[in-house]
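What follows is a short report on a single structure.
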Amino acid sequence: GMYSFTQTSANSYTVTFDNCTSGSGDEQATFLGSYDMLVETLTGTLGTSPYSVALAYSNIDLDVVDDVGPTELAGSLQFSRSVSGTTISELAIVRRAQPLTVTKESIFHLIGGASISYTSTGAGSFQIGSANEGYEFFLHGYSSMFTLRVVTPITGTMATGMTAGTLLIEAEDDDSSLTITIDSGDVEISIDTDGDDISDGTLTISWDDLY
């Protein structure tokens, strides 16, 4: 496949993918579509540590195919990255007024009010999210909004995958919630159906099966 960068103004570009493939094996993904990218700030030289960059993506219209299946992305996203030595820190933000839609296997997922961080080190360890980060979302077929919140960060290593962390998903009416706890590759899902903060049932599966 091929990709192209077209400069539209001093700090703005349109990026186009034509069946462009990244990664290999289970990590391989193919991209088709385009987005507009604004470079808001850049300190240092991109790709050479240390540096930091802040980007704003808009008019996203992408199809991504990986080992799980196809995913369609549309909308807007803000992204920043700071690199110092072997440590990489990233932050993704989606504004409520400029949401991002994710469609996977015909399931429509509208994301807004999002803030999720990611940190990795040269030793291969990583952390996804910090306490109280998360996002609001709507699912096709449901009229109410849901909120996903990080209770404890998701941590792990590149070699072992996700090994710990807790997420909480709550319905807008506060009458039901899911608590998702990751423990050494297994995921325990605890369901509270009536909002009394008492689990009404649990299910344990592997992260791979959940994903």
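The values are calculated or read from the model by the stated rules, or taken from the named source; none is laboratory data. Keep in mind it's a predicted model, so treat the numbers as computed, not measured. Every residue, glycine among them, receives a Cβ derived from its backbone with ideal geometry; neighbour counts consider all protein chains shown. Protein only, heavy atoms only, side chains kept; ligands, DNA and RNA dropped before computing areas. Shrake-Rupley method; radii C 1.70, N 1.55, O 1.52, S 1.80 Å.
Structural remarks
- The range 69-118, subset of a type in the set (D, E, K, R) and part of a strand (DSSP E or B), residue nearest to Ser130 (Cα to Cα): Glu90
- The one condition in (1) part of a strand (DSSP E or B); (2) under 24 Å from Thr163 (Cα atoms) that Ala123 fails to fulfil: (1)
- Residue match in the range 96-119 (condition: over 14 Å from the mean Cα position of the chain (by Cα) and closer than 24 Å to Tyr51 by Cβ): no
- Unique match (being touching a strand residue (DSSP E or B) at 6+ places or on another chain (Cβ under 9 Å) and modelled with pLDDT of 90 or more) among Ser190, Ser176: Ser190
- Residue check, Gly33 over 26 Å from Met145 (Cβ atoms), open to solvent by less than 80 Å² (accessible area, probe 1.4 Å), touching an Asp or Glu at 6+ places or on another chain (Cβ under 9 Å) and free of Cβ contacts under 8 Å to residues at least 12 places away in the same chain: no
- The criterion of being open to solvent by 30 Å² or more (accessible area, probe 1.4 Å) and either in contact with a strand residue (DSSP E or B) (Cβ under 6 Å, 6 or more places away or on another chain) or among the aromatic types (Phe, Trp, Tyr) (or both) holds for Ser82.
- Checked against the criterion of being acidic (Asp, Glu) and at pLDDT 95 or above, the candidates Asp63, Asp26, Asp67 yield just one match: Asp63.
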